1. Put one equal scatterer on each alpha carbon of segment 44-129, apply the Debye formula with no solvent term, and list log10 I(q)/I(0) at q = 0.14 1/Å to two decimals.
2. Given R₀ = 30 Å, FRET efficiency for residue 174-residue 146 by Cβ-Cβ distance, to 0.05?
3. Starting with the highest mean, order 69-80, 110-121, 47-58 by the number of other Cβ atoms within 10 Å, averaged over the residues of each peptide.
4. If the reach is capped at under 27 angstrom between alpha carbons, list the lysines near residue 180, excluding any in the same chain fewer than eight residues apart.
5. Order of 170-179, 125-134, 91-100 by packing, highest average Cβ count within 10 Å first?
6. Near residue 51, which lysines are there with a Cα under 19 Å away, not counting those fewer than 8 places off in the same chain?
7. Could you give me the ³J(HN,Hα) list for segment 83-92, computed from phi with Karplus coefficients 6.51, -1.76, 1.60 and θ = phi - 60°, whole Hz, x at Gly and Pro?
8. Ordered by packing density, taken as the mean number of other Cβ atoms within 10 Å over each peptide's residues, highest first, how do 137-143, 37-43 rank?
Amino acid sequence: MENEIYERDYAGQGNATLEYADHKGTDAFWRTVLGSKKALEYEDKLKSFPKKVYPAAKGQYDDALKYLDLIARKTGGRIKGIVDFQKYYAEIVVEVPFFELSLEGSRMEDMWQIFLWTDYMSVTPISSERVKLTFRTELYFLDVLSEDEQQSLRDSGAIEAEWLFNELCEQNREWRDKEKNK
């Protein structure tokens, strides 16, 4: 199957701006942790299993894409939806001048459905006038696994979670020591 890409640019159709802080430190932290040897080995193991499209997740992706396209259009933003059949993920990236949620009304209900669909979501300032929303899931694809493979993956995941916790603690200690020595 070929990758599916949906892309629209609504630049010039909106006029709102907001100021945002810089989050480069957070990005560097996650690049360090997720780029480590153990994390990459675990990712390779997950990618080695055969996959198929999960129909319910495809429907949720399509609904999220429609809703986020509406937000991009209303605010003069841009949107890009990707379903990658080689790396097995689905992602929607929206760049807008601002992003706000109200706890009332249908907008929150729509966003809640998107949060349930995704296993990664970030809101990142990209300039003083733009913010990037990223919604990503690997749940779009299902692993085709035997019971033994599923158990092996669960066991491996528990070991990896413990390793990740220890890695995060060590990284945090190193960063605190650097800050003290400044």
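1. The Cα Debye sum returns log10 ratios of -0.57.
2. Values: r = 41 Å, r/R0 = 1.36.
E(calc), rounded to 0.05, equals 0.15.
3. On the way: 69-80: 18.2, 110-121: 15.2, 47-58: 13.0.
The peptides rank, most packed first, as 69-80, 110-121, 47-58.
4. Result set, ordered by chain and number: 24.
5. On the way: 170-179: 10.5, 125-134: 14.9, 91-100: 18.6.
Taking the mean over residues of other Cβ atoms within 10 Å, the ranking is 91-100, 125-134, 170-179.
6. Qualifying lysines at Cα under 19 Å: 87.
7. 10, 9, 8, 9, 9, 6, 8, 10, 9, 10
8. On the way: 137-143: 19.3, 37-43: 13.0.
Result, highest mean first: 137-143, 37-43.
Quick note: the coordinates plus some simple rules give every number you see, no bench work behind them. Predicted model, so just to flag it, every value in this text is computed and none were measured. Note that each Cβ is placed from the backbone with ideal geometry, even for glycine, and that neighbours are counted across all protein chains shown.
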